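Bear in mind these aren't lab numbers, they're just calculated from the coordinates by the rules spelled out. Everything numeric here is computed off the predicted structure, so don't read it as measured data. Here the Cβ positions follow ideal geometry from the backbone for every residue, glycine too, while neighbour counts run over all protein chains shown.
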Amino acid sequence: MSTHDSSIILKNPSLIIFLITRVFMAFSYQMLTIAVRYQIVELNGKALDLGLLGLAEFLPMFMLTFIVGYVADRYNRKVIISLCLITEAVGILLLAVRSYYGWINKGNIFAIIFFISIAYSFQGPPMQALLPNIVSKEHFPQAAAWMASAFQFAVILGPALGGVFYVLGPSVVYLTVVMMCITTSILVLFIKMTQSQSKRDPVNLKTLLAGLTFIESKPIVMGAISLDLFAVLFGGATALLPLYAKNILKVGPMGLGLLQAAPAVGALLMSLYLAKKPLKSSVGKKMFTAVIFFGVSTMIFAVSTSFILSLLILCVMGAADVISVVIRSTLIQLETPDEMRGRVSSVNLLFVGTSNQLGEFESGLMASLLSVVPAVLIGGLGTVVVVILWTKLFPQLLHADKLKPSTDEA
């Protein structure tokens, strides 16, 4: 039997539990996001309020990056995840109660979301670092593809489910999310995992920054993380989809919903394919090629005036992005010793969060200066230029052949 047979992966009970928790957590996040943003609008929120909400979500990770990574490496990762989920459930329950009794206002929402985001910040690094503790190295690329499939499934259906439940009231959405968080917090404790016993190093600047130091010493890891940062920074076309739907494609809010779902559909289909047919060679070149496809697709989308063509191109963008995500996440995790994965994952999450936030800001700024189409066109071109530069700056990443660690972990 081939070591890449999907049945080998799916016969791993801990991986199945982890897949379920991944789906539940992604669904919870998507439903919470929809409910909170709808409620902000219903409370006469302005565009600035939505921006401040994003800031409340991002600031905790920005401030706590090095601390949460150290915690993920020093303590039991699944226990950390479970405690974080319970903490998030408390915050979301508070949103439900205040919404039900009419005690909610924008200030309440900002404060509670900030509190929830602190817990979410501690949850992120151990979640990223946990998968290598569940599956073997040879099965990791396939498992990563299954994880991507689970996430994209939730991205497609989660907002719709949140919207349907919101019709019954925001407190209904919040209570549903609370139940999902509590269920997930219990499920994750049943995962069987192996985690290296980390040294009880003192908490000082050197140990807190060890993840950043490690990334700088590993060209493949540095190249993979920074490629994502700058490629997403320039290729943030999805931030301008409402303007395309209203002014260029003229398809209205229903068309906007389809446009927003299209990248996730492409990503889901590609991640399912990669789960069945994992990449076996020349992964560095395939990752760079995928990012080039992402950039070129962004440019085609920029000038498209056909709704059907735009949907297809967005699907291609999603598919190309998930190829890059699977390869990048696998390379990063397998190149990193287990006792460092939490700190490296925390830095990676910071880069991803920064690229998403700054990417939306860059797209909006360029659109305000140049108009929408030139802004997206230049963004796509910028992504292609970044790929060309990165092939020169990080030749080790370009020539990475197989998804396996370059050296055995100690």
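When the chain is treated as a GNM with alpha-carbon contacts under 10 Å, the residue of GLY380, GLY107, GLY266 showing the greatest mean-square fluctuation is GLY107. In region 16-47, which trypsin sites (Lys or Arg not before Pro) are in a loop and have at most 12 other Cβ atoms within 10 Å, using DSSP for the loop call? Those that pass, being in a loop and sparsely packed, are LYS46. Normalised by the number of residues in region 1-190, the average gap of Cα pairs under 8 Å and 6 or more apart makes the relative contact order 45 percent. Seen from VAL387, the other residues with C-beta closer than 14 Å to its C-beta sum to a net charge of +2, counting Lys and Arg as +1 and Asp and Glu as -1. Between LYS277 and LEU370, the distance separating the two model label sites (each 7 Å from Cα on the Cα→Cβ line) works out to 3.6 nm.
Distance between the pseudo-spin-label points of VAL97 and MET179 (7 Å out from Cα toward the beta carbon): 1.9 nm.
Computed from the C-alpha gyration tensor, the three semi-axes of the ellipsoid equivalent to region 205-405 are 31, 18, 15 Å, from longest to shortest.
How much mean residue ellipticity at 222 nm does the chain get from its helices, if each DSSP H run of length 4 or more adds -39500 (n - 2.57) and you divide by all residues, to the nearest 500 deg cm²/dmol?
-26500 deg cm²/dmol
As a quick test, which of the pairs LYS106/LYS250; LYS137/LYS277; LYS78/LYS106 have an alpha carbon distance above 25 angstrom in this structure? Flagged as over cut-off: LYS106/LYS250; LYS78/LYS106. For ILE17, neighbours were defined as the other residues whose beta-carbon sits under 11 Å from its Cβ, and their charges (Lys and Arg +1, Asp and Glu -1) total +3. Can you grab the distance from the C-alpha centre of region 323-353 to the C-alpha centre of region 128-165, Å, no decimals? Between the Cα centres of region 323-353 and region 128-165 lies a distance of 15 Å. Remark: ARG343, ARG328 ranked as ARG328, ARG343, counting other beta-carbon atoms within 10 Å and listing the fewest first. Projecting the Cα atoms of ILE332, SER226, SER345 onto the dipole axis of region 205-405, where Lys and Arg carry +1 and Asp and Glu carry -1 at the beta carbon, places ILE332 farthest toward the positive end.
Based on the Kirkwood radius over alpha-carbon pairs, what is the Stokes-Einstein translational diffusion coefficient of the chain at 25 °C with 0.890 mPa s viscosity, in µm²/s? The Stokes-Einstein estimate is 112 µm²/s.
For LEU269 and LEU205, what does the FRET efficiency come to when R0 = 51 Å and r is the distance between their Cβ atoms, rounded to the nearest 0.05? My answer for the efficiency is 0.70. Applying 0.36 nm per residue to the separation of ILE16 and PHE190 and subtracting their alpha-carbon distance, the gain on full extension is 61.6 nm.
With a 10 Å radius around each residue's Cβ, average the other Cβ atoms per peptide and rank 70-77, 123-130, 110-117, highest first.
For the peptides 70-77, 123-130, 110-117, the packing ranking is 123-130, 70-77, 110-117.
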